[in-house]
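I have placed the structure first, in the form of structure tokens, so that the comments after it can refer back to it.
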């Protein structure tokens, strides 16, 4: 009896954090990506939804746009991220959402972490009676290189994203997990006719 009770309590303790509602911060905005390769250039502008789990730093991102008449979306959930507090000029607080580096990355790039987003902190109300210090505006930009999936030709890319905190959406998602919030936003864009 004692062993089965212990096993039950241990299992419950391990599973509960993944099922527990999170303090979610929802940002709505836009992203813009420019590409050079395959003999031409092109640009893609998208609407963006970013959902950050304040407790873990994990986040989900959903981009949706219309390309040549086709409504398309992409989505990803990042589970190896964390929040880093940065002291700016005159002690002004900033937050960076960064990727926790792997051992290989750390060996090649000591004391560096890849940056997903950053911004100057504000006091954000995420549900009645709950406020946090976090950026009201998240932004990021960068350059990249990849090989085309259609013909394996090299392509250069440059992109930027801007997300603005939505108190209304954050309050509506109180009680959700990151996964359920992202599933809700995916259902929303699919209901608008967007496909992967």
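A short reminder: the numbers here are calculations on the coordinates, not readings from a lab. Just so it is clear, the model here is predicted, and its values are computed rather than measured. Every residue, glycine among them, receives a Cβ derived from its backbone with ideal geometry; neighbour counts consider all protein chains shown.
Mean projection of the alpha-carbon convex hull of the chain over all orientations, in nm²?
Values: hull surface 65.3 nm².
Quarter of the Cα hull surface area: 16.3 nm².
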Checklist entry - So how far apart, in nm, are the two label points at residue 56 and residue 127 if each is 7 Å from Cα heading toward Cβ? => result 1.6 nm
Next on the checklist: As I understand it, the value is the acute angle between the Cα axis of helix 178-191 and the longest principal axis of the Cα atoms of the chain; what does it come to in degrees, rounded to 10?
Outcome noted: 40 degrees
Checklist entry - Rounded, prolate or oblate: which fits the stretch 80-136, taking a ≥ b ≥ c as square roots of the Cα gyration tensor eigenvalues, rounded meaning a/c under 1.5, else prolate when a/b beats b/c? => result oblate
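Could you work out the helix-only [θ] at 222 nm for the chain, with each DSSP H run of four or more residues adding -39,500 (n - 2.57) and the total divided by the number of residues, to the nearest 500 deg cm²/dmol? Write out the running numbers ahead of the final one.
Numbers: 4 runs with 44 residues, N = 196.
Mean residue ellipticity, 222 nm, calculated: -7000 deg cm²/dmol.
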Checklist entry - Between the stretch 27-76 and the stretch 124-196, how many Å separate their Cα centres? => result 8 Å
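Which ordering of 124, 156, 178 is given by a fewest-first count of other beta-carbon atoms within 10 Å? Spell out each step's value before the answer.
Values: 124 17, 156 13, 178 23.
Result, fewest neighbours first: 156, 124, 178.
Would you mind ranking 49, 186 so that the residue whose beta carbon has the fewest other beta carbons within 10 Å leads the list? Before the final figure, lay out each step's value.
Numbers: 49 24, 186 18.
With the fewest neighbours first, 49, 186 line up as 186, 49.
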Checklist entry - To the nearest 10 degrees, how steep is helix 2-19 against the longest Cα principal axis of the chain, on a 0 to 90 scale? => result 40 degrees
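Starting from the Kirkwood Rh over alpha-carbon pairs, what translational D in µm² s⁻¹ does the stretch 110-196 have by Stokes-Einstein at 4 °C and 1.567 mPa s?
On the way: Rh = 16.3 Å.
In µm²/s, the coefficient rounds to 79.
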Item to check | Where the Cα pairs of the stretch 20-68 fall when distances are cut into 5 Å bins, in % | outcome: 5, 17, 20, 16, 14, 11, 8, 5, 3, 1
Checklist entry - Working out 0.36 nm times the residue gap between residue 45 and residue 104, then minus their Cα-Cα distance, what length gain in nm do you get to one decimal? => result 17.9 nm
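So for 50, 100, fewest C-beta neighbours within 10 Å to most, what's the order? Each step should come with its number before you reach the end.
On the way: 50 27, 100 13.
Least to most surrounded, the residues fall as 100, 50.
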